[in-house]
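These notes concern the structure reproduced below.
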Amino acid sequence: MLLQISEPGMSAAPHQHRLAVGIDLGTTNSLVATVRSGSATCLPDEQGHALLPSVVHYASDATVTVGHAAQARQNQDPANTVVSVKRFMGRGLTDVADAATPYRFVDEPGMLKLQTAAGIKSPVEVSADILKALKARAEASLGGELVGAVITVPAYFDDAQRQATKDAATLAGLNVLRLLNEPTAAAIAYGLDNAAEGTYVVYDLGGGTFDVSILELTRGLFEVRATSGDSQLGGDDFDHRLHCWILETAGLSQLNDRDSRLLLTKARQAKETLTDHASTQVTAQLSDGTLVNVELTAETLQQITAHLVQKTITPLRRALRDAKLGVDDIKGVVLVGGATRMPHVRRAVTELFGREPLTNLDPDKVVALGAAMQANVLAGNKGDDDWLLLDVIPLSLGLETMGGLVEKVIPRNSTIPTARAQEFTTFKDGQTAMAIHVLQGERELVTDGRSLARFELRGIPPMVAGAARIRVTFQVDADGLLSVSAREQSTGIEASIMVKPSYGLSDDEIGKMLRESMQHASDDMHARKLGEARVEAESILNATRAALTQDGDLLNDTERAEVDAALTSTEAAIAGHDADAVRLAAEALNEATSEFAARRMDRAVSRGLSGHKIDEI
Amino acid sequence: MPFDFSQSHFVLFGLPTTFALDRAVLDTAYRKLQAEFHPDRFAAADDAQKRLSLQIATRVNEAYQTLKSPLARARYLLQLNGVDTQEDTNTAMPVDFLMQQMEWRETIADAKTQRNVDELEELNRQLAEEITELTVELAELLDEQHAWSDAATAVRKLRFLEKLNDEIGNAIEAVLF
């Protein structure tokens, strides 16, 4: 008898190479790479371009054009040429309301959509069109069907943005082996290439997102210590700033969409030219014949975008703090993303760390190469090198509790996969349902956090307040995706969802939330105190009311009036905003009912003696 | 994928069930287990295997986090010995300890108001020393004397100190960012 022996997770036929790719789905450009004969390479298109511009054009005859051909049409037909769609992934309409774009957004609940000549398209569909082009390129180049793909996402992407990316891949017919954080992918490519050991910082400034990750590299292990970033900051913002500067300098205003897009393209080209030139001329002819001709120096570019560079330093410091590391503990800084080519960005990083950053890998390709290496291992093509990757979640996860407060369940920078369970109880007698509201972010108040999902646990058997025990479990998988389940412990009633958020935060909100959570720590503290005091006071109120209904006859009129007065003043205090006043009123109420409580206890005991169970009282 | 979910975190990592811990041994054992069970090892496996590896890797992470932190490790060790640390219910602390806590809080608040990061960093350093002292005491109580009740009190104290540590961290962030 023949026994087929295979390692878990590996193909039964290890000699057969399984085709897998790594895809960097970028804001500006996308790439696909694979491992061939032991080394990772980016797969070029027929013209030899490795970079596929992340641009999709939709024509009225439903023809979809992706990449360079679509880019060529963007000045003529901006409304139907979608660029930087990554910025809209997992986002709602209100989130992009202030973004200067030529698109016609469709007002629908959930993720925003775009009206194009070929119909309404969601960002997931547009991203899927980019992925389809890369898949076709890879299959033509490798001569076979793909087993799967590793798709990279910014480390600072939240659950909605990750889920949207995974959906796009599925829509493109790709089997997603793993969502991989971009800086981690870069670290793999860099680390394996240089046999690096020690603690490294990856500074990843892409077209539309900024990530910073701190990783510890030891033999065969890539361990992310902390990550931070800004999912709405990238090279695009430098282009926009420059675009505005050109308008001001040339004395222009109110451009049409075509001219606006033209100048934006010119701005980007000028920025790129200044990477190795001290100055450049920006020239363009607008549709009404106006000639634009302004000189731009590297110094001016640095001045007008200094605040954007500064915006990257805060997350960098925060990541160091979270990792409990100082600048001196860092062995090297790896630069990733096309925007890190800007000399003044490099200078800022050099200054902070007191050393030159590492740039020996192409910052445009390094993410795709790392993703390809990971895809190769995940597909079961184990080579000589074997390594393990341990990543983290970028933002804390929490639940809404009474008083509009967020109870953090999984703190940011926890190693994934991870799960945490928390017990909650009912607040009112006989309560049979409980709403579960899942949030992401660092703030203490629900109204300041990003709402991920709401669901309801029904059918809790009626019990006295506080008797039900509801255990809510958060599970974050290796893709960084969250699922939540809830279970009432005494009855086993269960509810669970794969968190599929349909609504996004406003553009800057994630970064803003973090900043504000620090700035407003004291506001939050006060609000938290007030919230907690209210919850406490309300539960005493409820208990008193229930007790009066049941055993009100134990009090004479004078006593009853005293209790009623304490009830009223507690209600009034709850309506106000003074935490101490609420607490004092609740204490007074407790005091006023202590004699009443003692008499109820006596009654309960005498009933108990006459054959009742104590829990029936 | 044989894995015993009922074993203790200490047994899982092949460590003695003591508060004293060889961090290098823990780290090595942790990495070895993740290398074996991490979902990346099962990306091409069937759904049942994927699910099991997710559960195991999650447990290994939880166990590592628990043992890595002195507070969580002490709490867990007491729990294994049937002792509830009553951190949320038992607030009866020695008066001098509470007085000291209030002093800490006032000093932190003052330094924060004055936006004095150096002072906050100095407080951080002093607190780290106190935490180390308390950790040494915990090792004695748990490993030598098996004085569970006193150890539970020490755990509650350590919880206070960890909270102060968080407060200093938040204050520094609030001043810096």
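Every residue, every condition in (1) open to solvent by less than 10 Å² (accessible area, probe 1.4 Å); (2) part of a strand (DSSP E or B); (3) touching a strand residue (DSSP E or B) at 6+ places or on another chain (Cβ under 8 Å), yes or no:
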{"site": "A:Gly398", "(1), (2), (3)": "yes, yes, yes"}
{"site": "A:Gly403", "(1), (2), (3)": "no, no, no"}
{"site": "A:Asn413", "(1), (2), (3)": "no, no, yes"}
{"site": "A:Glu423", "(1), (2), (3)": "no, yes, yes"}
{"site": "A:Val438", "(1), (2), (3)": "yes, yes, yes"}
{"site": "A:Ala467", "(1), (2), (3)": "no, no, no"}
{"site": "A:Arg471", "(1), (2), (3)": "no, yes, yes"}
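Of the helices (runs of 4 or more DSSP H) lying entirely inside the stretch B:1-76, those carrying at least 2 residues that are facing another protein chain (nearest Cβ under 9 Å) are B:23-37, B:47-68. So which pairs qualify, if the first residue must be in the stretch A:296-322 and on the phi < 0 side of the Ramachandran plot, the second must be surrounded by 19 or more Cβ atoms within 10 Å (Cβ to Cβ) and basic (Lys, Arg), the Cβ gap must be under 7 Å, and the two must be at least 6 apart or on different chains? Final answer for the pair search is A:Leu301/A:Lys271. Can you find a residue that is modelled with pLDDT of 75 or more and assigned to a strand (DSSP E or B) anywhere in the stretch A:495-503? No, the stretch A:495-503 has no match at all. Within the stretch A:369-379, the set of residues being open to solvent by 10 Å² or more (accessible area, probe 1.4 Å) and either within 13 Å of chain B (Cβ to nearest Cβ) or at pLDDT below 90 (or both) comprises A:Met373, A:Asn376, A:Val377. Only one of the numbered conditions (1) surrounded by fewer than 16 Cβ atoms within 10 Å (Cβ to Cβ); (2) among the hydrophobic types (A, V, I, L, M, F, W, C); (3) closer than 18 Å to B:Asn90 by Cβ is not met by B:Ala128, and that is (3). The one condition from (1) open to solvent by less than 70 Å² (accessible area, probe 1.4 Å); (2) assigned to a strand (DSSP E or B); (3) in contact with a Ser or Thr (Cβ under 6 Å, 6 or more places away or on another chain) that A:Pro315 does not meet is (2). Considering (1) of a type in the set (Gly, Ala, Ser); (2) at pLDDT 85 or above; (3) open to solvent by 10 Å² or more (accessible area, probe 1.4 Å), the lone condition that A:Ala453 does not fulfil carries the number (2).
Could you go through the stretch B:1-13 and let me know if any residue there is out of contact with any strand residue (DSSP E or B) (no Cβ under 8 Å at 6 or more places or on another chain) and within 21 Å of A:Asp391 (Cα to Cα). Full working, then the answer.
Kept after step one, since they are out of contact with any strand residue (DSSP E or B) (no Cβ under 8 Å at 6 or more places or on another chain), are these residues of the stretch B:1-13: B:1-13.
Filter again for within 21 Å of A:Asp391 (Cα to Cα), leaving B:13.
Checked the stretch B:1-13: at least one residue is out of contact with any strand residue (DSSP E or B) (no Cβ under 8 Å at 6 or more places or on another chain) and within 21 Å of A:Asp391 (Cα to Cα).
Of all residues assigned to the stretch A:352-365, none qualifies as being touching a Ser or Thr at 6+ places or on another chain (Cβ under 9 Å), in a helix (DSSP H, G or I) and modelled with pLDDT of 90 or more.
Can you tell me which residue is most open to solvent (accessible area, probe 1.4 Å) among those in the stretch A:63-104 that are of a type in the set (Asp, Glu) and under 28 Å from the mean Cα position of the chain (by Cα)?
Initially, the stretch A:63-104 is screened for residues of a type in the set (Asp, Glu), giving A:77, A:95, A:98.
Still in the running and under 28 Å from the mean Cα position of the chain (by Cα): A:95, A:98.
On the way: A:Asp95: 5, A:Asp98: 129 Å².
Looking at residues that are of a type in the set (Asp, Glu) and under 28 Å from the mean Cα position of the chain (by Cα), I get A:Asp98.
Picking from residues in the stretch B:146-176 that are open to solvent by less than 30 Å² (accessible area, probe 1.4 Å) and within 14 Å of another protein chain (Cβ to nearest Cβ), the one that is farthest from A:Asp322 (Cα to Cα) is B:Val175. Counting only strands (runs of 3 or more DSSP E) that sit completely within the stretch A:179-233, those holding 1 or more residues that are within 13 Å of chain B (Cβ to nearest Cβ), more than 21 Å from A:Val32 (Cβ to Cβ) and in contact with a Ser or Thr (Cβ under 7 Å, 6 or more places away or on another chain) correspond to A:210-218, A:221-230. Scanning the stretch A:541-580 for residues that are surrounded by 15 or more Cβ atoms within 10 Å (Cβ to Cβ) and either touching a Ser or Thr at 6+ places or on another chain (Cβ under 7 Å) or not in a helix (DSSP H, G or I) (or both) returns A:Leu541, A:Thr544, A:Leu555, A:Val563, A:Leu567.
It is to be established whether one or more residues within the stretch B:98-107 are in a helix (DSSP H, G or I) and within 14 Å of chain A (Cβ to nearest Cβ).
Going residue by residue through the stretch B:98-107, those that are in a helix (DSSP H, G or I) are B:98-107.
Within this subset, residues satisfying the condition of being within 14 Å of chain A (Cβ to nearest Cβ) are B:105.
Taking every residue of the stretch B:98-107 in turn, at least one turns out to be in a helix (DSSP H, G or I) and within 14 Å of chain A (Cβ to nearest Cβ).
Conditions (1) in contact with a His (Cβ under 9 Å, 6 or more places away or on another chain); (2) surrounded by fewer than 14 Cβ atoms within 10 Å (Cβ to Cβ); (3) within 26 Å of B:Pro16 (Cα to Cα), marked per residue:
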{"position": "B:Val95", "(1), (2), (3)": "no, yes, no"}
{"position": "B:Met99", "(1), (2), (3)": "no, yes, no"}
{"position": "B:Asp110", "(1), (2), (3)": "no, yes, no"}
{"position": "B:Asn116", "(1), (2), (3)": "no, no, no"}
{"position": "B:Glu133", "(1), (2), (3)": "no, yes, yes"}
{"position": "B:Glu137", "(1), (2), (3)": "no, no, yes"}
{"position": "B:Leu141", "(1), (2), (3)": "no, no, yes"}
{"position": "B:Glu144", "(1), (2), (3)": "no, yes, yes"}
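Each residue in the stretch A:329-352 was checked for being within 19 Å of A:Asp236 (Cα to Cα) and hydroxyl-bearing (Ser, Thr, Tyr), and 1 pass. Among the residues of the stretch B:134-177, those identified as charged (D, E, K, R) and within 19 Å of B:Leu78 (Cα to Cα) are B:Glu137, B:Glu140, B:Asp143, B:Glu144, B:Asp150, B:Arg156, B:Lys157, B:Arg159, B:Glu162. Taking each residue of the stretch B:96-114 that is over 27 Å from B:Leu176 (Cα atoms) and looking for partners that are of a type outside the set (Phe, Trp, Tyr) and modelled with pLDDT of 90 or more with beta-carbon atoms closer than 7 Å, six or more apart or interchain, yields B:Phe97/B:Lys157.
In this structure, A:Leu320 does not qualify as farther than 19 Å from A:Val224 by Cβ and within 14 Å of chain B (Cβ to nearest Cβ).
Of A:Ala160, A:Ala149, A:Ala155, which residue is open to solvent by less than 10 Å² (accessible area, probe 1.4 Å), touching a Gly at 6+ places or on another chain (Cβ under 8 Å), under 22 Å from A:Gly234 (Cα atoms) and outside any helix (DSSP H, G or I)? Steps first, please.
On the way: A:Ala160 fails: outside any helix (DSSP H, G or I); A:Ala149 fails: under 22 Å from A:Gly234 (Cα atoms).
Criteria check complete, one pass: A:Ala155.
Would the stretch A:197-219 turn up any residue that is open to solvent by 10 Å² or more (accessible area, probe 1.4 Å), basic (Lys, Arg) and without any contact (Cβ under 8 Å) to a residue 40 or more places away in the chain? Yes, the conditions are met somewhere in the stretch A:197-219.
The values are calculated or read from the model by the stated rules, or taken from the named source; none is laboratory data. Here the structure is a predicted model, which is why all the values come from computation and not from measurement. Methodologically, a virtual Cβ is constructed for each residue, glycine included, from the backbone with ideal geometry; neighbour enumeration extends over all protein chains shown. Note: accessible area is taken over every heavy atom of the protein model, side chains too, but ligands, DNA and RNA are not part of it. Shrake-Rupley method; radii C 1.70, N 1.55, O 1.52, S 1.80 Å.
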